[in-house]
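Enquirer: Have a look at this one.
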Amino acid sequence: MTGVPELTVDPSLEPRKIRVGLVWGLGLASCPPSAGPSASLAALLGQVAAAGEGFLAPERKAAVRNMLRFGAYKPAGRSKPSSEYLLAAALEGCFPIVNGPVDANNEVSLRWGYPASVFDLGKTGPLLQLSRGGPGESFVFNPSGQEIDLEDLIVIRRRVGDAWEACGNPVKDAMATKVFEAARDVAGVVYAPLTDPKADLEACADRFARILREDCGAWEAGWKMV
């Protein structure tokens with residue numbers, strides 16, 4: 001196993017507008033493609049369909065967008081938080097069903113309205129950093145080679161040699177570290193506004209860890225606030 005991940009915060013983010021939940025699931029037997037949504041995810045999708053757009057409270061949507069708004073980055077249009085994409089997909093009947101850890105990530109993101117990332121720890125290593133993208137920085141986020149501009153966007157970085165390399169953010173995650181069938185250890189990061197109740201993020205992270213342990217078969221799963 002890779003070991004419990006560590007997440008540090010780049011001093012340039014201080015004073016912060018963001019609080020994150022770091023989640024991990026270690027010792028997974030496998031991560032095969034999902035045959036369909038889990039019972040809890042199917043129930044949640046039903047709740048979303050019944051509630052419509054109002055499922056995501058306007059106050060939470062605004063708080064999350066404000067958390068990400070900085071410099072050149074504007075959280076709207078194609079740059080909106082992934083949690084908003086998931087809500088739209090749920091309402092359109094095309095919610096992504098991928099594999100256990102990715103589905104867990106998407107379920108908690110949809111339920112709480114917080115964007116979230118999930119990584120293969122075998123690809124990132126255990127050392128992660130919460131930072132901000134620099135001018136001209138980008139990464140590929142899908143199999144067709146499309147890139148996302150990271151300037152001024154909150155990012156998660158992995159340690160590569162002596163450098164920190166961006167591998168995820170509240171909008172898209174990098175292809176280089178995504179979770180596929182071969183993953184055995186995973187880490188999730190849930191991004192929440194510092195102004196939101198801490199208990200909401202704690203409940204979200206705890207649910208994420210419980211799904212990794214109970215539904216995905218992680219030998220060890222846990223979470224902590226950063």
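The values are calculated or read from the model by the stated rules, or taken from the named source; none is laboratory data. Note that the coordinates shown come from a computational prediction; the quantities given were computed from them, not determined experimentally. Please note: Cβ atoms are built from the backbone with ideal geometry, for glycine as well, and neighbour counts cover all protein chains shown. Just the protein is used for accessible areas: all its heavy atoms, side chains included, with ligands, DNA and RNA removed. Shrake-Rupley method; radii C 1.70, N 1.55, O 1.52, S 1.80 Å.
Enquirer: Counting pairs of alpha carbon atoms under 8 Å apart in space and at least six apart in sequence, what relative contact order in percent does the chain give?
Expert: Numbers: 457 pairs, mean separation 82.1, N = 226.
Value for the chain: 36 percent.
Enquirer: If you roll a 1.4 Å probe over the heavy atoms of the protein chains, what accessible area per residue do you get for the chain, in Å²? Present the calculation step by step, with values, prior to reporting the outcome.
Expert: On the way: 9780 Å² over 226 residues.
Here the residues of the chain average 43 Å² of exposed surface.
Enquirer: Additional query: So what's the back-of-envelope 222 nm ellipticity for the chain, counting only DSSP H runs of four-plus at -39500 (n - 2.57) apiece and dividing by all residues, rounded to 500? Don't skip to the answer; put the middle values down first.
Expert: On the way: 6 runs with 68 residues, N = 226.
Helices in the chain give a 222 nm mean residue ellipticity of -9000 deg cm²/dmol.
Enquirer: Hull surface divided by four, with the convex hull built on the Cα atoms of the chain: how many nm²? Intermediate results must be reported in sequence, preceding the final value.
Expert: Values: hull surface 46.4 nm².
With the hull built on Cα positions only, its mean projection is 11.6 nm².
Enquirer: Expressed in nm², what is the orientationally averaged projection area of the convex hull enclosing the Cα positions of the range 95-221? Walk me through the numbers before you get to the answer.
Expert: Numbers: hull surface 33.4 nm².
Hull-based average projected area comes out at 8.4 nm².
Enquirer: Oh, and also: What whole-number distance in Å separates the alpha-carbon centres of the range 98-112 and the range 39-97?
Expert: With the range 98-112 and the range 39-97 each reduced to a Cα centre, they are spaced 12 Å.
Enquirer: Which cross-chain or sequence-distant (5 or more) residues have an amide H under 5 Å from the amide H of residue 167, H modelled 1.01 Å from N in plane?
Expert: Counting only residues 5 or more places away or on other chains, the set is 156, 157, 158.
Enquirer: Roughly to the nearest percent, how much of the accessible area of the range 74-116 is carbon and sulfur, given a 1.4 Å probe?
Expert: On the way: 810 of 1530 Å².
About 53 percent, which is the carbon plus sulfur part of the accessible surface.
Enquirer: Across every pair of different alpha-carbon atoms, what Kirkwood hydrodynamic radius in Å does the range 1-124 reach? Walk me through the intermediate numbers first.
Expert: On the way: mean 1/r = 0.0615 Å⁻¹.
The Cα-based Kirkwood calculation yields 16.3 Å.
Enquirer: Ranked highest first by the average count of other Cβ atoms within 10 Å around their residues, in what order do 142-155, 45-58, 80-93 fall?
Expert: Per-residue Cβ counts within 10 Å, averaged per peptide and sorted highest first, yield 80-93, 142-155, 45-58.
Enquirer: Also, I was wondering about something else. Per-residue counts of other Cβ atoms within 10 Å, averaged by peptide: what ranking do you get for 64-74, 123-133, highest first?
Expert: Numbers: 64-74: 17.0, 123-133: 19.8.
Going by the mean number of other Cβ atoms within 10 Å, highest first, we get 123-133, 64-74.
Enquirer: Per the Cauchy relation, a quarter of the hull surface: what is the mean projected area of the convex hull of the alpha carbons in the range 112-177, in nm²? The partial results should precede the final answer.
Expert: Details: hull surface 19.7 nm².
The directionally averaged projection comes out at 4.9 nm².
Enquirer: Oh, and also: Compute the Rg/Rh shape ratio of the range 48-116: radius of gyration over Kirkwood radius, all on alpha-carbon atoms. Walk me through the numbers on the way to the answer.
Expert: Values: Rg = 12.2 Å, Rh = 12.5 Å.
Taking Rh as the inverse mean 1/r over Cα pairs, Rg/Rh reads 0.97.
Enquirer: Given a cut-off of 21 Å, name the pairs among 61/198; 74/198; 61/123; 123/198 whose C-alpha atoms lie farther apart than that in the structure shown. It would help to have the intermediate numbers written out before the result.
Expert: Details: 61/198 16 Å; 74/198 25 Å; 61/123 31 Å; 123/198 30 Å.
In this structure, 74/198; 61/123; 123/198 lie more than 21 Å apart at Cα.
Enquirer: Related question: Whole-Hz Karplus ³J(HN,Hα) for the range 137-151, in order, using 6.51 cos²θ - 1.76 cosθ + 1.60 and θ = phi - 60°, x for Gly and Pro?
Expert: Listing the rounded values in order: 7, 7, 8, 7, 10, 8, x, 7, x, 5, 10, 10, 6, 9, 4 Hz.
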